[in-house]
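Below is one structure; the comments refer to it alone.
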Amino acid sequence: HGAAAYSLEMAKAKAVSEAKKALRGNFLEGLLAGTIPEAEMERLSGRLDHNTDRPHVVITFAWLGNNAPSLRRMETTINWLLSSHNRSALSHVYSDDHVCVFQALEDSDEDLTTAREFATRVRDH
């Protein structure tokens with residue numbers, strides 16, 4: 001019974017993770033396309049615990065070359081690096097060929113320093 005209960009809990013956790021990932025993707029795609037009404041944007045940003053009142057920058061990452069690792073590997077690396085990043089950010093895989101990071105900026109980020117630092121961390125990882 002223990003193994004079955006564990007499997008059920010793992011399946012539940014994966015389903016929740018996939019639902020959040022889909023919500024985040026729909027939110028970012030609509031936000032960047034300008035198709036989300038203000039009230040919906042506020043509702044979704046609350047559900048995703050992401051403040052959209054601050055200025056943001058979009059950083060796009062993609063592998064180069066024919067023998068590139070999987071996009072899933074890049075996404076995992078980016079999410080791992082975001083977990084210790086000093087700015088609020090969301091990521092999403094677009095078109096099955098690149099990952100976009102939607103990063104909040106602070107007043108001190110006028111020159112995009114933290115965005116450049118994050119891009120460097122991803123490149124060097």
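The values are calculated or read from the model by the stated rules, or taken from the named source; none is laboratory data. Note that the structure is a prediction, hence the values are computed from the model and not measured. So basically every Cβ, Gly included, is an ideal-geometry build from the backbone, and we count neighbours across all protein chains shown.
Side notes on the structure shown:
- Residue within region 96-112 that is out of contact with any strand residue (DSSP E or B) (no Cβ under 7 Å at 6 or more places or on another chain) and under 20 Å from PHE27 (Cα atoms) present: yes
- Output for region 57-88, where each listed residue is modelled with pLDDT under 90, surrounded by 10 or more Cβ atoms within 10 Å (Cβ to Cβ) and closer than 18 Å to LEU105 by Cβ: HIS85, ARG87, SER88
- Any chance GLU29 is among the charged types (D, E, K, R) and more than 29 Å from ARG123 (Cβ to Cβ): no
- Subset of region 103-120 that is surrounded by fewer than 18 Cβ atoms within 10 Å (Cβ to Cβ) and small (Gly, Ala, Ser) - its residue that is modelled with the lowest pLDDT: SER108
- Residue list for region 47-81, filter: basic (Lys, Arg) and touching a residue at least 24 places away in the same chain (Cβ under 8 Å): ARG47, ARG54
- Of the residues making up region 20-37, those that are exposed (fewer than 13 other Cβ atoms within 10 Å of the Cβ), modelled with pLDDT of 85 or more and out of contact with any Asp or Glu (no Cβ under 9 Å at 6 or more places or on another chain) are ALA33, GLY34, PRO37.
- Residue in region 76-87 that is in a loop (DSSP other than H, G, I, E, B) and either in contact with a strand residue (DSSP E or B) (Cβ under 8 Å, 6 or more places away or on another chain) or not polar (S, T, N, Q) (or both) present: yes
- Of all residues in region 34-75 being outside the structural domain of LEU105 (by TED's automatic domain parsing), among the aliphatic types (A, V, I, L, M) and in a helix (DSSP H, G or I), the one that is farthest from the chain's Cα centre (by Cα): ALA39
- Pick from region 89-102, criterion β-branched (Val, Ile, Thr) and without any contact (Cβ under 8 Å) to a residue 60 or more places away in the chain, ranking: surrounded by the most Cβ atoms within 10 Å (Cβ to Cβ): VAL101
- MET41 passes every criterion in (1) surrounded by 13 or more Cβ atoms within 10 Å (Cβ to Cβ); (2) at pLDDT 85 or above; (3) in contact with a strand residue (DSSP E or B) (Cβ under 7 Å, 6 or more places away or on another chain); (4) closer than 23 Å to ALA104 by Cβ apart from (3).
- Of all the criteria given as (1) out of contact with any strand residue (DSSP E or B) (no Cβ under 8 Å at 6 or more places or on another chain); (2) within 16 Å of LEU28 (Cβ to Cβ), the one not satisfied by ARG123 is (2).
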